[in-house]
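Chemist: Sharing a structure here in C-alpha cells format.
The values are calculated or read from the model by the stated rules, or taken from the named source; none is laboratory data. Here the structure is a predicted model, which is why all the values come from computation and not from measurement. Cβ: placed from backbone, ideal geometry, glycine included. Neighbour counts: every protein chain shown.
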C-alpha cells in the first residue's frame, strides 16, 4: 500500500511543478491562484511522502518520488508547455525510468 501512496506523492510532485509553470505564464489574481494550488499540491506530496517513508526505505522512497516527479515534469513540459523533445531528453527519461524500476525491484 505504501508504494501506491508513494506513486501518488510523486504525481502530486508533478502537479506542483505544473502549477509553477502555469503561475509563470499568468499575472494578477490568476497567478496567485496557481501559487495557492502549488502550495496545496506541495503539501499533499510531502505529506504522502512522509506517510510512505514510515515503512519504505528512505533512500529508495526519496529516489522513486523524485524520479516520478522528474519524469512527469519533463513530460508535462513537453506536452503542455511545448518544451523541446529531443532524442537525448527521451533517452535520459527512459534511463531514469529504468533506474526507478530497478530501485523498486531491489528494495525489501
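Chemist: Within segment 85-108, can you find the residues that are assigned to a loop (DSSP other than H, G, I, E, B) and either in contact with a helix residue (DSSP H, G or I) (Cβ under 6 Å, 6 or more places away or on another chain) or under 25 Å from residue 46 (Cβ atoms) (or both)?
Modeler: If the condition is that a residue be assigned to a loop (DSSP other than H, G, I, E, B) and either in contact with a helix residue (DSSP H, G or I) (Cβ under 6 Å, 6 or more places away or on another chain) or under 25 Å from residue 46 (Cβ atoms) (or both), then 85, 107, 108 are the ones that fit.
Chemist: Condition first: without any contact (Cβ under 8 Å) to a residue 24 or more places away in the chain and either within 16 Å of the chain's Cα centre (by Cα) or not in a helix (DSSP H, G or I) (or both). Now tell me which residues in segment 12-29 satisfy that.
Modeler: Correct list: 19, 20, 22, 26, 27.
Chemist: Okay, next question. Considering only residues of segment 30-84 that are over 20 Å from residue 20 (Cα atoms) and in a loop (DSSP other than H, G, I, E, B), which is nearest to the chain's Cα centre (by Cα)?
Modeler: Selected residue: 53.
Chemist: Mind telling me which of the residues 71, 64 ends up being touching a helix residue (DSSP H, G or I) at 6+ places or on another chain (Cβ under 6 Å), at negative phi, modelled with pLDDT under 95 and buried (at least 17 other Cβ atoms within 10 Å of the Cβ)?
Modeler: 64
Chemist: Oh, and also: Give the residues of segment 27-43 that are under 19 Å from residue 73 (Cα atoms) and surrounded by fewer than 17 Cβ atoms within 10 Å (Cβ to Cβ), sorted by residue number.
Modeler: Listed by number, the residues that qualify are 35, 36, 39, 40, 43.
Chemist: Within segment 48-61, track down each residue that is touching a helix residue (DSSP H, G or I) at 6+ places or on another chain (Cβ under 8 Å) and more than 21 Å from residue 101 (Cβ to Cβ).
Modeler: 51, 54
Chemist: Spot the failing condition for residue 32; the list is (1) more than 28 Å from residue 105 (Cα to Cα); (2) at pLDDT below 95, and only one is missed.
Modeler: (2)
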